[in-house]
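The structure under discussion appears below in the form of structure tokens.
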Amino acid sequence: MTKMMRDVIIERIIDEMGRNKRVFFLAADFGAPSLDRLRESFKDRFINVGIAEQNLINVATGLGLEGFTVFAYAIAPFLTMRAFEQIRVNLSLHAQVRELNVNLVGVGAGLSYEVSGPTHHSLEDLSLMRLLPNFSVLSPCDTVSALSCVDYAIKNKGPKYIRLDGKPLEAVYSDKCLPDMDKGFREVRKGKKVCLVATGYTTHTALSVANNASSPVGIVDIVRLKPLDEAGLFKVLSKYEHVVTLEEGFIGGGGLDTLVSGILTDRASGIHLKRVGFNNKFIFELGPRAYLHSLVGLDEPSVSRMVAKLNCHNKK
Amino acid sequence: MALSLSQIKNKALSIRIQTLQLHGLAPEARIASSLSNVEVMTALYYGGFLRMDPKKTDCEKRDRFILSKGHGGISLYPILADLGFFDSSELARICQKDSFLGGIPDCIVPGFETTNGSLGHGLGVGCGMAIALKQKKSKAKVVVMVGDGELNEGSVWEAIMFASHHQLDNLYLIVDQNEKCMLDYCKNVVDLASLKGKMREFGWKVHSSDGHCMEKLLPAMKKLFGDKARQPKVLIAKTVKGKGVPRLEKDPLCHIKSMNVQEIEQIVRELQS
């Protein structure tokens, strides 16, 4: 059975906590099967702060300023949005002056919690966290890239946000094809005219689209939205006529689409950009994730139709 | 080294005067909030209660002081300058280009642990530091100062509950209870009623004192920091917002009121006489 990203991450953190006594794990009353072992093994360095995300960030900051590496774990929308000002003032701002290593691990990317309604959807987090100076923003799409993210988090100082899906996702990477943590992205499929730029869950949508397409479709998986090798990404994108961003987030508000649009605009590129994601509307509808995605054209059949059209479309 | 009572009283007067003069140089810097905590800060820094090394601000053994009510920060500038955290000549450049002394203090000021212009953060960060110090088996303590208006912030109460649950006996909270927030007396906005009772119910050891009278404040701090109770401790210091300036003392809106240079000079003369 495919493992959840959060479980492989926590298992790696357990290993690290065994080796390194200067690592704390904090949770806002949010669990995981793997967390039970961590709680048992490291009673003095695991703290459940309770249902109190503001204090989660503040306590994490205090520990971080004292030189401890901290993982702060909660449901993505509450972690990033309930405590946004704590994140801004205590992590983003302090990181400019002081050294700290605090890693926010948010579970429930996009519509992972599809039946829990809009309070549990996380469609703003990537935009919000990308906005903050000194922050790194990571968005793995499988357990291999999730492990690369946690290793990156341990090795590199600074505040970071790691966005994890709430459901197990199939492998995209392997030991032979690891995510590129120097660049922050990898062209996981090479295509001809159209390139899909995706992150997290939507990388899987992109792979389904590419598998069903009549001609090769390119796929770039963004594992780290910030910092990102923008020049390197442009070099890849400039081989294509059409670029399509796929995100489980609001579009036009600073997320993946804004990132790619900025890269193309800054370089006065003539590449045609299509942006697919959620439009200025919360999702009250219930149903499977693919159905919810179909409401905005983010499901595989809708994206496949769009890609087929673009493949026929000749750029003027 | 701790100073004598009369020396500390003289220090407090000098700090009050310098705080007023700093406000004269930087009228944007809030004055009333910085006048209510003058004696408390003076007692804390000169009474021998804080272990510190002005020349080594990251010294592991130092006590951590967080001024969570950042708006009351300019009274700490003359203290830090006097103790040698930075050169006294910096005071004259407050809020000017290339100065590190802002109207509200930031963590770029030598001697400031954190940035606290936004209220309600300091105690939670202090909790994290207190846990960290225990983990390091350090004897250093964490002291956090909040205003009573700041206690409206829910995040403070998250931290209050957390601290007592974790028996953070190396954490000390000082409440500058000046009874005013920005627009009115606190009791007319959100009445805290019995703060002592609330803190006791939340599992804290409560101490209290007049926050201006050194004869009372110094023994109260001695008791506070000597208290071996295995729980976090709070000192509720009853103060007057705008202390020393009669016009501000009686004005519920004094938080946002400024003083002009003539008024400052007049008040300084009265304080010195």
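The values are calculated or read from the model by the stated rules, or taken from the named source; none is laboratory data. Please read all numbers here as calculations on a predicted model, not as lab measurements. Here the Cβ is made from the backbone with ideal geometry for all residues, glycine too, and neighbour counts use every protein chain on show. To get the accessible areas, we keep the full protein, side chains included, count just its heavy atoms, and leave off ligands, DNA and RNA. Shrake-Rupley method; radii C 1.70, N 1.55, O 1.52, S 1.80 Å.
Each residue in segment A:262-316 was checked for being within 22 Å of the chain's Cα centre (by Cα), of a type in the set (D, E, K, R) and within 23 Å of A:D165 (Cα to Cα), and 5 pass.
For segment A:187-198, state whether one or more residues are outside the structural domain of A:P33 (by TED's automatic domain parsing), farther than 24 Å from A:H293 by Cβ and assigned to a loop (DSSP other than H, G, I, E, B). Yes, segment A:187-198 contains a residue that is outside the structural domain of A:P33 (by TED's automatic domain parsing), farther than 24 Å from A:H293 by Cβ and assigned to a loop (DSSP other than H, G, I, E, B). Considered as a group, the residues in segment A:96-120 that are open to solvent by 10 Å² or more (accessible area, probe 1.4 Å) and within 14 Å of chain B (Cβ to nearest Cβ) include one that is nearest to A:A72 (Cα to Cα), and that residue is A:E99. Residue under question is A:V102, and the condition is that it be assigned by TED's automatic domain parsing to the domain that holds A:H121 and in contact (Cβ under 8 Å) with a residue 40 or more places away in the chain; does it hold? Judged against the criteria, A:V102 is a match. Residues of segment A:19-78 that are of a type in the set (S, T, N, Q), open to solvent by 10 Å² or more (accessible area, probe 1.4 Å) and within 14 Å of chain B (Cβ to nearest Cβ): A:N20, A:N48, A:Q54, A:T69.
Any residue in segment B:230-238 that is touching a Cys at 6+ places or on another chain (Cβ under 8 Å) and under 22 Å from B:H71 (Cβ atoms)? No.
When the criteria are applied in full, A:E85 meets the requirement of being free of Cβ contacts under 8 Å to residues at least 40 places away in the same chain, surrounded by fewer than 24 Cβ atoms within 10 Å (Cβ to Cβ) and within 14 Å of B:H121 (Cβ to Cβ).
Residues being part of a helix (DSSP H, G or I) and more than 30 Å from A:V115 (Cβ to Cβ) are entirely absent from segment A:212-223.
Listed by position, the helices (runs of 4 or more DSSP H) contained in segment A:230-316 that have at least 1 residues being under 17 Å from A:V194 (Cβ atoms) and open to solvent by 20 Å² or more (accessible area, probe 1.4 Å) are A:230-237, A:256-266, A:300-312. Examine segment B:105-115 for a residue that is more than 14 Å from chain A (Cβ to nearest Cβ) and within 14 Å of the chain's Cα centre (by Cα), and state whether such a residue exists. Within segment B:105-115, not a single residue is more than 14 Å from chain A (Cβ to nearest Cβ) and within 14 Å of the chain's Cα centre (by Cα).
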